[in-house]
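Each remark here refers to the structure printed beneath this line.
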Amino acid sequence: RRFHISRPPFSLGHNIVEREKKSYLWSSLHVIKNKNTRVTKIIPMMVNLSNPPPGSSIFASVSKLPFLDALTYVPKPFRYALYAGGLVVGGVSVLLYKYQDRMLYFPEIGGLGRSNSSNPRGYRSPEEHDLPFEDHLIPTGDGTKVHSWMLLRDKKSMHLDVVKHPTIIFFHGNAGNIGMRLPNAADMVHKLNVNVLLVEYRGFGESFDNIRNDGRPDEAGLKKDAEAALDFARSHPAVDSKRIFVFGRSLGGAVGFHLALHAERQAHGNPLAGLIVENTFTSIPDMVDAIMPAVAPLKSLVLRMKWDNAHVASNLQETPVLFVAGEHDELVPHKQMKALYDALNQNKKRKHGRRGPLTEMVIIPKGTHNDTWLRGGNLYWTKFKNFINQVNVPPSVAVSATCTDSELEGIKIQSGNSDAAAHSIPIVPGNMFGIAKEAASGNRNKKKD
């Protein structure tokens, strides 16, 4: 019998291809009319993928996908399930591409506002800890002004004739403001005998935002913030520019890695005195593998930000580095900290042994992502002190190598409960749905403001 094809509105308009032992793809349905009986039948049209019809760019592109051969033989229910799964993964990938910065940076989290003044008592100002401090807005190269607190170990260090204490630039994680880090920073000041410069990234806390990126933090912007903070510290009268250390936790470690490499590559060659990173990741793509495995195969297509710390570690030549890892980090896989340590040790550009810069790693038993500094106790602070002393800090201002029991009591916050201090640092969700929920919540809060 003879049949002819009538082209429906959405027909691809190709002739039916006789089935052979080749690859086929089901296309839209075509209406087939029998001229003699005028019986209308609807059958699916098959197109030979190995020889697509002329002018069909869609089929030419699709024919290159190797998995389509198998899909044509999969039963319909399972095939539709695969299609639905593909749509979900594709949708998540689109959202990840468009909103990835919001899924990494959380200026507001846990129902708390962005401003330090919205924090609970004990986390609003260094005054609550009886610390001498200065409040600064540090200008960056693109017009943003970064908020910071300079916590001073001793007001006398402002005078030129007084030996200055070492200074630690503190880069916080990806959630909340610098007020949430005050108990930790106060412990640093007292136990390590140092100044601490707490830096608040653009888009966080009281930092003034540049309209370039609608006031939102991003990788390029945070790197500019770090560089501006280093320039500020070097010019501060209480700071010895040759004894500036950088501490970074989680995302702050990535910022610290960038700053260490930036300092080494500056024209005058003035590297940091040391870098201390705590519970830091190897790269954002590696974190996508850990937190969002469903979209991991598409990460090379959708990810704009990298924060490639492993690459930076493999290029650091002069900066001493101390790695502090919580044994039970629930957010950043513990193996990533070990990978960073290995990358630095395997760096052929870096001198090793006694002639090279110090490279050390300490693992804190039972330490999690945010409370490693609390659970570490004597071991934690002793490692910090030894690291600072071993990178040629003058004896007149060197910190003691051991902690006394009274020192371990630390700075008491309002409740006097160490668990409260642990939870003061916002906890970032460790899965895709929790991250999306917090990102949506933060966006709603911003619209209300």
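The values are calculated or read from the model by the stated rules, or taken from the named source; none is laboratory data. Model, not experiment: these values are computed from the prediction. Neighbour counts are summed over all protein chains in view; Cβ atoms, including those assigned to glycine, are modelled from backbone coordinates with ideal geometry. Ligands, DNA and RNA are excluded from the accessible area calculation, which covers all protein heavy atoms including side chains. Shrake-Rupley method; radii C 1.70, N 1.55, O 1.52, S 1.80 Å.
Worth pointing out:
- With protein chains left intact and a 1.4 Å probe, residues in the stretch 112-263 average 33 Å² of accessible area per residue.
- Sequence-separation-based contact order of the stretch 228-309, relative, with Cα cut under 8 Å and 6+ spacing, percent: 27 percent
- Counted over the stretch 161-295, the DSSP beta bridges are approximately 0% antiparallel.
- Relative to the compact-globule estimate of 2.2 N^0.38 Å, the Cα radius of gyration of the stretch 202-336 comes out at 1.13.
- Which listed pairs, of 155/223; 224/349; 224/351; 335/366; 338/366; 164/385, have C-alpha distances above 21 Å, in listed order: 155/223; 224/349; 224/351
- Apportionment of accessible area to carbon and sulfur, the stretch 261-342, percent (1.4 Å): 54 percent
- Rolling a 1.4 Å probe over the protein heavy atoms of the stretch 119-255, with every protein chain left in place, gives an accessible area that is 50 percent carbon and sulfur.
- The residues of the stretch 317-381 expose, per residue, 51 Å² of accessible area to a 1.4 Å probe.
- Radius 9 Å from Cβ of residue 137, net charge of other residues (Lys, Arg +1; Asp, Glu -1): -1
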